[in-house]
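Engineer: What follows is a structure written as structure tokens; I'll ask about it next.
What follows draws every value from the coordinates through simple rules; no lab data is involved. On a predicted model such as this, the values are computed, not experimentally measured, just so you know.
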Amino acid sequence: MKHYLRKVVLLAAGIMSVGALAACSNQSKSKDNGKLVRTASLSANYSIITLDISKAQGFDNAGNLYDSLLYMNKNHKPVPALASKYAVSKDGRTYTFTIRKNAKFSNGDPITAQSFVYSWRRTLNPKTKSTHAYLFDGVKNAEKVNFGKLPLTALGVDAPNKRTFVVHLDRPIAYFTKLMTYQAFSPQDQKVVNKYGASYGQAASKTVFSGPYVIKNWSPQSNTWTFSKNQNYWDKKHVKMNTIHMNYVNDPQTSLSLYQAKKLDFTILIGDQVSHYKNSKDLYHGPYSYMNYLVYNQKIKNPTLRKAFNNVNIRKAISLTIDRSQISNNLLKGESLKPTGFVTKYLAYDPANNKDFASQQYGGEGVAYNPKLAKDYWRKGLKQIGQKKLSFDLMVANADNVKKVSEYIKSTAEKQLPGLKINLQTVPQEVQYARGVSGDFEAYITGRGADIADPTAFLQPMMSKNSMNYGSWSNAEFDKLISQSIYTNNADPTVRWNKMLKAEKIIMQQQGATPLFQNYNLYLKRPYLHGITHNTTGSQWNYKYMYIKK
């Protein structure tokens with residue numbers, strides 16, 4: 001879980017998503033050894049804020065720079081990566097990973113079991129203030145370590161020798177192997193981190209990598225950068241591309257123009273662009289497990305707004321004025337999906353019958369459009385808080401799609417709810433993220449992508465004490481159900497599944513957050529470009545197996 005620019009407002013632009021635009025997918029002889037060089041130019045969803053995985057806000061392209069213990073293959077199954085194999089104890093509480101003999105960082109330093117111990121401890125160190133620390137919950141003592149109640153050495157990880165990494169869990173975690181594919185759990189080189197201190201991850205020359213590529217020509221929030229083949233990568237024989245030029249272009253029309261001019265091999269489409277290319281042989285598409293939603297600050301200091309945002313009838317009323325079909329079909333024109341509830345479509349499937357969680361979840365009034373019922377809730381809510389009108393600021397990131405959606409919400413809600421005034425507050429993405437984390441907002445449109453292919457990827461961050469629950473919504477029964485879904489030994493997967501469905505129903509009935517739309521990627525890709533892996537969760541784009549064949 002683990003989440004804004006051109007397409008939607010994300011929790012924050014990710015780590016990983018250079019150089020000037022290169023000639024499109026050229027092949028030439030290198031000057032040094034005469035070997036064939038393969039090069040491509042692609043567009044990126046987001047800019048990169050930091051290369052430090054402990055401080056990253058998202059992992060859009062992280063899989064190209066960092067390997068984890070396991071890898072999610074094209075069939076969405078966890079398979080060996082930096083760990084050549086692993087074993088699980090009978091009680092499901094101990095995992096023993098064997099680190100590959102030839103695993104190295106990009107600078108040639110060996111990747112050992114201690115590299116993982118150090119990385120996990122660093123991320124959970126309270127001083128790091130990692131937004132992904134919650135993903136480690138369930139690892140023995142992780143929460144207490146993260147809250148400073150126990151020393152880092154109390155974390156349930158051991159390195160009995162260089163190639164053996166042992167993880168002890170408080171309780172079995174149903175999706176633990178899926179977690180181990182995520183870059184938040186990748187190793188770090190302690191020598192390099194210590195050498196550069198606070199500047200680690202702020203320059204390519206001050207960072208080392210464990211994945212198929214290294215990054216060059218990058219600085220924080222660059223619009224261009226280069227992925228170059230990592231010559232020390234354990235599986236470099238399968239990496240076909242030597243150079244991939246990445247280009248984050250804030251204006252989608254400019255990106256499309258570059259594709260049309262054959263200066264890009266790949267570009268993401270939005271809005272009207274989609275309809276123009278609906279019959280193109282270059283058009284590809286696929287869902288991304290990213291949900292965009294509206295959040296209210298339920299701990300805001302303003303007493304009137306605090307009462308209003310804590311009133312479920314007020315929250316329900318605003319939600320019921322939003323026609324999500326209008327957003328998906330007209331405003332965003334095919335590049336989004338209408339939500340059926342709080343969890344995205346195409347994420348997780350019922351172990352009993354393989355039905356999509358999204359087709360079974362409650363959703364209910366939480367995603368319905370009902371102006372008449374909205375007015376009823378509105379009148380009731382205003383009476384309960386002793387007000388005749390309500391005004392609040394809605395903060396949104398400076399991104400085209402989100403601005404469209406916020407303008408629609410303002411228009412439709414104000415029209416249908418007498419006395420409501422919504423003031424749109426557009427800010428740069430990084431400002432929105434910082435203010436969201438610190439609670440410096442009244443209401444805002446945010447969202448998150450799933451870190452793993454499990455409903456808890458969306459439900460867990462809404463638990464009362466979770467650091468990513470920025471609106472501070474709280475429900476004890478919801479917390480209990482999610483805790484049981486994650487940490488109990490779920491011998492019966494159907495029981496676990498039903499607990500998650502009950503939890504989703506609670507958050508929708510209470511409008512702990514208001515779902516707006518799910519991302520849906522439509523993009524143009526040259527027919528000769530093959531092997532790009534598009535993941536619905538975690539690291540969205542992976543180029544390890546990419547190759548050019550004309």
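Engineer: How many Å³ per residue does the convex hull of the Cα positions in segment 476-550 occupy?
Structural biologist: 146 Å³
Engineer: Skipping prolines and chain starts, which residues have an amide H placed within reach, meaning under 5 Å, of the one on Thr164, given they are 5 or more residues away or on another chain?
Structural biologist: Ile99, Ala113
Engineer: List the residues whose amide H sits under 5 Å from the amide H of Leu394, counting only those 5 or more places along or on another chain, with H placed 1.01 Å from N in the peptide plane.
Structural biologist: Close amide H contacts, sequence-distant or interchain: Asn423, Leu424, Gln425.
Engineer: State, as an integer percentage, the relative contact order of segment 401-463 based on alpha-carbon contacts under 8 Å between residues 6 or more apart.
Structural biologist: Computed over segment 401-463, the figure is 22 percent.
Engineer: Can you give the % of DSSP beta bridges in the chain that are antiparallel, to the nearest 5?
Structural biologist: 75 percent
Engineer: In addition: Assuming a viscosity of 1.567 mPa s and a temperature of 4 °C, what translational diffusion coefficient in µm² per second does Stokes-Einstein assign to segment 365-465, Rh being the Kirkwood radius over Cα pairs?
Structural biologist: Answer, rounded: 83 µm²/s.
Engineer: A follow-up question, please. At each listed q (0.09, 0.10, 0.18 Å⁻¹), what is the log10 of I(q)/I(0) that the Debye formula gives for segment 409-550 modelled as equal alpha-carbon point scatterers?
Structural biologist: Cα-only, vacuum Debye calculation for segment 409-550: -0.43, -0.53, -1.15.
Engineer: Amide H neighbours of Leu516 under 5 Å, at least 5 residues apart or on other chains, H built in the peptide plane: list them.
Structural biologist: Those qualifying (amide H under 5 Å, at least 5 residues apart or on another chain) are Asn292, Tyr293, Leu294.
Engineer: Report the semi-axes of the equivalent ellipsoid for segment 68-156 in whole Å, largest first, where each axis is √(5λ) for an eigenvalue λ of the Cα gyration tensor.
Structural biologist: They are 24, 17, 13 Å, listed from largest to smallest.
Engineer: Using the Cα atoms as the points, what is the convex hull volume per residue of segment 331-388 in Å³?
Structural biologist: Normalising the Cα hull of segment 331-388 by residue number yields 134 Å³.
Engineer: If each Cα of segment 181-231 is one equal point scatterer, what is log10 of I(q)/I(0) from the Debye formula at q = 0.15, 0.16, 0.18 Å⁻¹?
Structural biologist: So the normalised log intensities are -0.44, -0.51, -0.64.
Engineer: Rounded to the nearest 500, what is the 222 nm mean residue ellipticity of the chain from helices alone, with -39500 (n - 2.57) per DSSP H run of 4+ residues and division by all residues?
Structural biologist: Here the helix-only value at 222 nm equals -7000 deg cm²/dmol.
Engineer: Which percent of Cα pairs goes in each bin when the distances of segment 381-429 are cut into 10 angstrom slices starting at zero?
Structural biologist: 25, 46, 23, 6
Engineer: Once the Cα gyration tensor of segment 425-495 is found, what semi-axes does its equivalent ellipsoid get, as square roots of 5 times the eigenvalues, in whole Å, sorted largest first?
Structural biologist: 29, 13, 8
Engineer: In terms of Cα to Cα distance under 18 Å, which aspartates and glutamates are near enough to Lys549, apart from those fewer than 8 places away along the same chain?
Structural biologist: Here the aspartates and glutamates satisfying the reach criterion relative to Lys549 are Asp265, Asp282.
Engineer: Semi-axes of segment 240-303's equivalent ellipsoid from the Cα gyration tensor, sqrt of 5 times each eigenvalue, largest first, rounded to whole Å?
Structural biologist: 34, 17, 14
Engineer: A further question follows. I need the Debye-formula profile for the chain: one equal scatterer per C-alpha, no solvent, reported as log10 I(q)/I(0) at q = 0.08, 0.10, 0.12, 0.13 1/Å, two decimals.
Structural biologist: -0.52, -0.81, -1.17, -1.36
Engineer: Here's a follow-up. Please go through the residue pairs Lys178/Lys345; Lys55/Lys338; Lys299/Lys465 and name each one whose alpha carbons sit more than 21 Å apart in this structure.
Structural biologist: Going by Cα-Cα distance, Lys55/Lys338 fall outside the 21 Å limit.
Engineer: Which pairs break 30 Å Cα to Cα here: Lys383/Lys415; Lys216/Lys237; Lys85/Lys149; Lys104/Lys263?
Structural biologist: Lys85/Lys149; Lys104/Lys263
Engineer: Using every alpha carbon pair in segment 198-344, what percent of pairs falls into each 5 Å bin from 0 up to the bin containing the largest distance?
Structural biologist: Result, from short to long distances: 2, 7, 10, 12, 12, 13, 13, 12, 9, 7, 3, 1, 0 percent.
Engineer: Taking Rh as the Kirkwood radius, which is the inverse of the mean 1/r over Cα pairs, what is the Rg/Rh value for segment 279-352?
Structural biologist: Reported Rg/Rh, Kirkwood definition of Rh: 1.11.
Engineer: Please compute, for the alpha-carbon atoms of segment 255-414, the extent along each of the three principal axes and give them in descending order in Å.
Structural biologist: Here the Cα extents, ordered largest to smallest, are 61, 43, 29 Å.
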